[in-house]
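Below you'll find the structure, written out as structure tokens, and then a few comments.
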Amino acid sequence: DTEVTQTPKHLVMGMTNKKSLKCEQHMGHRAMYWYKQKAKKPPELMFVYSYEKLSINESVPSRFSPECPNSSLLNLHLHALQPEDSALYLCASSHLTTGALSYEQYFGPGTRLTVT
Amino acid sequence: GESVGLHLPTLSVQEGDNSIINCAYSNSASDYFIWYKQESGKGPQFIIDIRSNMDKRQGQRVTVLLNKTVKHLSLQIAATQPGDSAVYFCAENRYNTDKLIFGTGTRLQVFP
């Protein structure tokens with residue numbers, strides 16, 4: 001099973017709402033990632049979790065709050081978002097980099113988020 | 001080429017021809033490189049990877065070439081098919097990190 005699943009597929013939320021994006025993988029990967037992708041742009045890294053601990057935060061605003069409850073699940077909690085936060089949010093997972101060896105990241109289909 | 005504003009560089013090829021998509025990466029400390037294919041409405045899909053101790057790697061219908069001297073990566077697709085139409089991203093992994101940095105992307109259009 002090389003699948004990363006994400007829910008919901010689409011989400012429309014107002015600027016005062018609180019919502020969560022969910023991601024799941026069963027490949028035994030211990031690294032999980034959140035990316036943001038705007039139209040016609042490459043994915044931009046937001047967060048990296050290694051062994052369920054946050055290892056990289058790319059200076060993401062606090063209105064985005066990640067959570068990794070266990071090795072298979074990754075959540076992104078959203079609160080007080082702005083219209084410019086509308087984008088495709090991608091989850092990915094991989095084996096952890098060990099010394100000089102890095103591994104491919106497997107991506108989910110994304111959640112298309114619209115903030116109104 | 002580089003993307004300007006909202007416009008992705010586009011490569012148009014005829015079905016059956018070979019395609020070459022180029023990418024310049026930024027960091028000489030990057031030691032692992034990946035090509036992804038992204039179709040409309042989908043997440044990036046892994047195509048092929050190459051480590052910095054290699055200069056060429058072949059897969060099924062695809063070949064990746066790495067030139068570390070000029071920090072250049074290319075993806076060659078043989079006998080391009082309509083199903084190859086997508087946006088292609090190169091990505092570089094910084095040494096000893098789990099941090100993947102994507103290039104700007106190239107749209108491949110295949111016409112009959």
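Bear in mind these aren't lab numbers, they're just calculated from the coordinates by the rules spelled out. Here the structure is a predicted model, which means the values were calculated and not measured. FYI the Cβ positions are ideal-geometry reconstructions off the backbone, even for glycines, and counts take in every protein chain you see.
Side notes on the structure shown:
- Other protein chain C-beta atoms within 10 Å of residue C-beta, averaged over B:36-49: 4.
- Under 5 Å between amide hydrogens, built in the peptide plane, is the criterion, and for residue B:80 it picks out B:16, B:17, B:18, B:19 among residues at least 5 positions away or on other chains.
- Rg to Rh, two decimals, where chain B supplies the alpha carbon set and Rh follows Kirkwood: 0.95
- With the convex hull of the Cα atoms taken as the outline of the protein assembly as shown, the averaged projected area works out to 12.5 nm².
- For the stretch A:61-73, 3J(HN,Hα) computed residue by residue from phi via the Karplus equation (6.51, -1.76, 1.60; θ = phi - 60°) reads x, 5, 5, 9, 10, x, 8, 10, x, 7, 5, 9, 10 Hz, glycine and proline entered as x.
- Flagged links, alpha-carbon separation over 21 Å, of A:19/B:37; A:18/B:42; A:9/A:41; A:22/B:37: A:19/B:37; A:18/B:42; A:22/B:37
- Partner aspartates and glutamates for residue B:71 [C-alpha distance under 13 Å; skip if fewer than 8 residues away on the same chain]: B:31, B:55, B:92
- 10 Å Cβ neighbours from other chains, averaged over peptide A:28-40: 2
- In sequence order, calculated HN-Hα J values of the stretch A:5-22 (Karplus, 6.51, -1.76, 1.60; Hz; x Gly/Pro): 9, 9, 9, x, 6, 10, 8, 10, 9, x, 5, 9, 6, 10, 9, 9, 9, 10
- Longest to shortest principal axis, alpha-carbon extents of chain A, angstrom: 43, 29, 28
- For the stretch B:39-78, the fraction of alpha-carbon pairs in successive 5 Å shells from zero, as %: 6, 22, 27, 19, 16, 8, 3, 0
- If you plug the beta carbon distance of residue A:116 and residue B:97 into 1/(1 + (r/R0)^6) with R0 = 25 Å, you get a FRET efficiency near 0.10.
- In this calculation the C-beta distance from residue B:79 to residue A:63 is compared with R0 = 35 Å, giving a FRET efficiency of 0.15.
- The antiparallel fraction among DSSP beta bridges confined to the protein assembly as shown stands at about 90%.
- 3J(HN,Hα) couplings calculated from phi for the stretch A:31-45 with the Karplus curve 6.51 cos²θ - 1.76 cosθ + 1.60 (θ = phi - 60°) are, in sequence order, 10, 9, 9, 10, 10, 10, 10, 8, 4, 6, 10, x, x, 10, 5 Hz; Gly and Pro show x.
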